[in-house]
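Since every read-out is calculated from the coordinates, none of them should be taken as a lab result. Source: prediction; values computed, not measured. Positions of Cβ are generated from backbone atoms using ideal geometry, with glycine treated the same way; all protein chains shown enter the neighbour counts.
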2 protein chains.
Amino acid sequence: MEAHSFFLQLLIILLTARLFAEIATRLKAPSVIGELLAGVVLGPSLLGFLAPSEVFQLLAEVGIILLLFDVGLDTDVRRLAHAGSRAAVVAVVGFLLPFLLGFGVSHGLFGFPLLPALFIGGTLTATSIGITLRVLTDLHRRDTPEAQVVLGAAVIDDILGVVLLALLYDFSTSGGISLINAGQVLFFIGIFFALAPFAARIISLVIRHFDTLSETPGLIPTSVVSLVLFFAWLAHAVGAPELLGGFAAGLALSRRFFLPFGVALHQDPDFAHRIENQLRPIAQLFTPIFFVMVGLSLDLRAIDWGEILIWGLSLSLLLAAALGKLSAALVVSGTLHERLAIGLAMLPRGEVGLIFAELGQKSGILNPNVYAALVIVIAMTTLAAPLLLKRHYARIPRIREQLRLAAVGVGGARMIRGEAAFPSFGTVRK
Amino acid sequence: MEAHSFFLQLLIILLTARLFAEIATRLKAPSVIGELLAGVVLGPSLLGFLAPSEVFQLLAEVGIILLLFDVGLDTDVRRLAHAGSRAAVVAVVGFLLPFLLGFGVSHGLFGFPLLPALFIGGTLTATSIGITLRVLTDLHRRDTPEAQVVLGAAVIDDILGVVLLALLYDFSTSGGISLINAGQVLFFIGIFFALAPFAARIISLVIRHFDTLSETPGLIPTSVVSLVLFFAWLAHAVGAPELLGGFAAGLALSRRFFLPFGVALHQDPDFAHRIENQLRPIAQLFTPIFFVMVGLSLDLRAIDWGEILIWGLSLSLLLAAALGKLSAALVVSGTLHERLAIGLAMLPRGEVGLIFAELGQKSGILNPNVYAALVIVIAMTTLAAPLLLKRHYARIPRIREQLRLAAVGVGGARMIRGEAAFPSFGTVRK
């Protein structure tokens, strides 16, 4: 690609994403919807102006890991840990139910053989962290307790999804299932998540040290982006999705990173603030590219819309996907309003689901029609969830909302003093 | 390329550039030297770890236009205009002399035919704005009067170089020279430079307007980067190097942009400040990629170092290139110290020179040995100029320097009141 046509394509991606995001906001929809639609409009579905080329695919990957880094920066580890048990329940149930329902629908109802049915079930398991968190951010809900549950659950079910993928991939190539391989993947991911934030934290102290010494400007953008890229690469090396590496790095550099080891690695709010100020514009530049590329990868024209099977299968799977996640959320404690919000936020399927579907198609396990049905399901959950979630939040009366936020404020203050946080939800649970 | 190996390569580029830049600074050399050497070390010359791939080439192009944008942001249009006549003289003489000397050396001394000799002369004409300005920035001299002359002259000789390239390209393909074509290129570039800053300024007001309205964060990074990309694309469309588009956009968004039309497009220092704060980290992230890629493109191993012709030719051309630019600087008014600084700063040849050499090689006009000699000349001017310039500036006694800066301060204050600026240099000139 020539530089000038790359410039033109990049600016069209950025401007169209922004234009559609602004229109979406005016129409009271989350802006991420606009960015996804920008991709659909520019891509093969409508204008055919852009084909998914390698360079934009790679910039999109940088966008998604920087988004997760940004989410990590804003995450309060204590609150995330507090949401831990509820998040784990939502994740495990929300992983198993869609898998079993998807498998049941395709194997029992539509008569697919074992392996394709397992792949179809797998496609429905993992929540798209990227889309879910963008929606919660768009709705100014990223700091709510339910957002913490969703974040924790999405991270966990991404990991479970990847382990399942390793299992199914083994099964599809060797005909058997190697629990040792899957155990290994799980072990490495566990080690990674246990150690990565501490390693990243230590590296960040090295960066801070050099930042005070360096005479050449630009140390923070280059070295922090390198840190994020390194952890994304490391995540991939242990078998986890790259974006989880970005999240781990963000968590470690967050102002509210909680260290059990205490004093030695003390916080420096000023440095954390500088990192936020300098990295946020970079993340904001790259992130829309990711969502446009997701929209671009949906070729709505390639789907044979006349085929009955596609509609029947996608509708059944959509039902399975939605029911599975909503039931998972209803299992945990909390107000009905909160649990519904969690369920709706868990709806979008994204990256890991697409990896399942693509691997299934490439290896010949899934035929093009089934692949199309899966893409429709992923697209529908991705486009519907933000709208449903927005409508859901709009229902809560403002006065109750303010009371609730005040309670969270009390919880936050207590948390700082080391007391149990979120007493209001504690009361609800009892 | 897979995402994870892209991440790894990108982080190695960023970290090696930073490491070598820091080492260069410790050794009292400008940091850009470190970044260029990082490319040499990582590239085919030494480790062979990285090959120049499309995606990094494109990111490097973004880096150079963002660097020029950043330079434009920092440029005071009044002072640039004030340097105008001296800059024009330096540019024209510094364009003609290296061209004639280079042509003379290769045609007269080495007996090359007309066309190759013209290409060799052309390669020596254009100063590398990117490297020159990075060096002046590294030395904290970007605000000096001589830097204004260098900036103006580098912009002008880049344009002259491109016009010459258009002429020679015509000549090499059709055997004749079309002055109409060259005139057209010059006309479009003139129109572009006359109108681009105003157009960019108006667009920036639109951006500011939407910035106050938008609820989706990230408007400034995406829209300003789009603006820069658009002007780079536009510059290419009129036949100018893309980086001049980035410079024009930066000039227009600068805090010190001077508008003859007056009141309607009034300044907003807060908005300009926000743009600087948000765009600088992005430019700092991309810029090192450019310099690493320049280093990477030099394959020192591919050169047949035993060939006498290469050495004789490169030494003669190096002399021609250096003499041409230094003489051009000595022609204008100013102190000897200042004129020498201008001459040294004009030494580095870069992008346009490489385009000449590559076009000559690809079209078969230059054989590989001549190409190697030209690359050596470009590399030597690029690596030597920063060191010479640093040494030159180190010579000036501190007390005189402080007096000089005080005089510039007075000049600046007078300039604001509309009086003639830089009286100290005016005195010297009389």
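If we sort A:242-248, A:32-38 on the protection proxy, mean other Cβ atoms within 10 Å, highest first, what's the order?
Working: A:242-248: 28.9, A:32-38: 27.3.
The packing order, highest mean first, is A:242-248, A:32-38.
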- Item | Sum of -39500 (n - 2.57) over DSSP H runs of 4+, divided by residues of the protein assembly as shown (222 nm, nearest 500) | -26000 deg cm²/dmol
- Message: For chain A, take every pair of Cα atoms, bin their distances at 10 Å starting from 0, and report each bin as a whole percent.
- Response: 4, 21, 31, 28, 13, 3, 0
- Message: How many angstrom lie between the Cα centre of the range B:310-386 and the Cα centre of the range A:185-215?
- Response: 44 Å
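Determine, for each peptide in A:112-123, B:301-312, A:310-321, A:164-175, the mean count of other beta carbons within 10 angstrom over its residues, then list the peptides with the highest first. Could you put the intermediate results ahead of the total?
Details: A:112-123: 22.2, B:301-312: 12.6, A:310-321: 20.1, A:164-175: 16.5.
Result, highest mean first: A:112-123, A:310-321, A:164-175, B:301-312.
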- Non-local amide H neighbours of B:THR127 (under 5 Å, H modeled in plane, Pro and chain starts lacking H): which ones? B:ASP158
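Count, for each residue of B:20-31, the Cβ atoms from other chains sitting within 10 Å of its Cβ, then give me the mean as a whole number. Walk me through the numbers on the way to the answer.
Details: counts 0, 6, 6, 0, 1, 4, 2, 0, 0, 0, 1, 5.
Averaged over the peptide's residues, the number is 2.
In µm²/s, what is D for the protein assembly as shown at 4 °C and 1.567 mPa s, where D = kT/(6 pi eta Rh) by Stokes-Einstein and Rh is the Kirkwood radius from Cα pairs?
Details: Rh = 29.4 Å.
The Stokes-Einstein estimate is 44 µm²/s.
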- Contact order relative to length for the range B:312-367, counting C-alpha pairs under 8 Å separated by 6 or more residues, stands in percent at 26 percent
- Task: Using only alpha carbon pairs under 8 Å that are at least six residues apart, calculate the relative contact order of the range A:1-122 and give it in whole percent.
- Result: 12 percent
- When you look at the Cβ of every residue in A:231-239, what mean number of other chain Cβ atoms sits within 10 Å? 3
- Task: Calculate the dipole size of the protein assembly as shown relative to its Cα centre from +1 charges on Lys and Arg beta carbons and -1 charges on Asp and Glu beta carbons; express the result in debye to the nearest 20.
- Result: 2540 debye
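Sequence gap at least 6, Cα distance under 8 Å: using those rules, report the relative contact order of chain B to the nearest whole percent.
Working: 648 pairs, mean separation 116.2, N = 430.
The value is 27 percent.
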- Note on the structure: Result row for chain B, helices from DSSP H with C-alpha axial extent 15 Å or more and mean Kyte hydropathy at least 0.5, is B:3-26, B:31-42, B:54-73, B:84-104, B:145-174, B:179-213, B:219-237, B:242-253, B:308-331, B:368-395
- Query: Averaged across the residues of A:211-219, what count of C-beta atoms belonging to other chains lies within 10 Å of each residue's C-beta?
  - Reply: 6
